[in-house]
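The block underneath contains the structure these notes are about, expressed in structure tokens.
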Amino acid sequence: MNSQDEDRDLREAFALQRREEEKQVTKFHRLLTLAWTLSQGRGRTSLVPVILAASVLVALGLVIGQVLQHSEPVAPPGTGPTAYLAGWTEPTAFLLRTPGYDFVSTLPAFGRAVPALDPGAPPLPLHTPTQQERS
Amino acid sequence: MAVELNGGPIEIPRQDGAHLLERDLEALHPACFGWALGCCRWNRAEAEDVLQTVYLKVLDGRARFDGRSSAKTWLFAVIRRTASERRRRQWLLDLLPVRLLLLQPEQAPAPAPEALADAMEVSERLRAALLKLSARQRELLHLVFYQDLTIEEAAAILGISVGSARTHYHRGKARLRHLLFTRSA
């Protein structure tokens with residue numbers, strides 16, 4: 001018994017259904033004519049939404065342009081929001097400043113006073129070697 | 001290609017190398033209608049709408065036959081996709097109260113019992129049993145038994161692997177046989 005024989009009952013049921021449905025098939029030319037009519041209508045009206053969308057975009061662009069033109073005058077360089085952002089430091093930056101931060105972050109140089117550890121104290125005088133020390 | 005309708009020719013665009021003629025479409029029309037009915041759960045109005053959309057796609061070139069498969073396989077795949085698109089759109093319209101705003105016409109009702117009164121009992125029972133199967137199983141059994149396609153061709157139309165199609169086919173067949181014959185016995 002092959003699979004064709006096994007499925008004979010199902011094949012017969014489907015064949016009955018096919019025969020019944022084939023009697024009620026809508027005419028091919030009716031559907032094709034309707035589709036063709038829709039296709040022609042679509043071709044004529046397809047530009048309308050495009051034109052509408054383009055008009056809306058142009059109007060929107062004009063409005064935005066007008067708004068930008070009449071908005072507040074541009075701040076001079078160094079005073080605008082860019083300058084503010086460049087000078088911004090985080091509020092917790094002071095927590096990273098360890099004691100002696102200024103001392104460590106300064107490059108030592110001959111003939112120059114070291115920064116005061118106590119910011120309130122007067123600057124240290126430059127140490128000039130005496131004649132005795134030199135000898 | 002030119003189709004003569006109402007005295008005027010209709011141009012059906014086609015891709016180079018492919019030859020899908022009007023007579024091919026016409027010859028496939030009954031099978032396509034059966035497949036569209038199956039895809040639309042035997043809602044005749046919906047099936048007509050789907051098939052009309054498919055022909056519209058063919059006419060305006062949105063669906064182009066490239067000759068890689070048989071015309072029947074290609075058309076069936078387009079029908080299935082169109083039916084799925086329509087179902088999704090309908091689901092969205094049912095979900096949102098958009099229908100009231102857009103003044104969409106009500107969905108065509110299912111065929112009335114009177115209309116089916118003259119239908120054969122076996123066919124009705126088969127339809128009822130098929131509606132109890134999963135969509136995939138129903139589609140596979142329809143393609144194999146109703147359309148006389150191979151499982152490989154059915155898999156190509158459904159866009160699934162042959163192995164998966166074979167599994168759905170065997171499970172669907174067993175369930176359908178159980179629904180059709182065991183219960184009645």
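The values are calculated or read from the model by the stated rules, or taken from the named source; none is laboratory data. Owing to the predicted nature of the structure, the values given are computational and were not obtained by experimental measurement. No Cβ is skipped: glycine too gets one built from the backbone with ideal geometry, and neighbour counts run over all protein chains shown. With ligands, DNA and RNA removed, areas are computed over all heavy atoms of the protein, side chains included. Shrake-Rupley method; radii C 1.70, N 1.55, O 1.52, S 1.80 Å.
Please give the total accessible area that chains B and A bury against each other, computed with a 1.4 Å probe and expressed in Å² to the nearest 100. Each step should come with its number before you reach the end.
Details: alone 11400 and 13260 Å², together 21130 Å².
Interface area, both chains combined: 3500 Å², rounded to the nearest 100.
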Query - Cβ-Cβ FRET estimate between A:Phe110 and A:Gln132, R0 fixed at 22 Å, reported to 0.05 - result: 0.60
Report summary line: For B:Lys132, the lysines lying under 18 Å Cα to Cα, once residues fewer than eight places off in the same chain are dropped, come out as B:Lys173
Query raised in the report: With each label point set 7 Å from Cα along the Cα-Cβ vector, what nm distance links B:Arg89 and B:Glu26?
Result: 2.8
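Using unit Cβ charges (K, R positive; D, E negative) and no other charged atoms, how large, in debye to the nearest 20, is the dipole of region B:44-88 about its Cα centre? Don't skip to the answer; put the middle values down first.
Details: 11 positive and 6 negative charges, 41 e Å.
The dipole of region B:44-88 has a size of about 200 debye.
Lys and Arg at +1, Asp and Glu at -1: add these up for the other residues within a Cβ distance under 11 Å of B:Ser70 and post the number.
Values: positive: B:Arg68, B:Lys72; negative: B:Asp24, B:Glu153.
Combined, the nearby Lys, Arg, Asp and Glu give 0.
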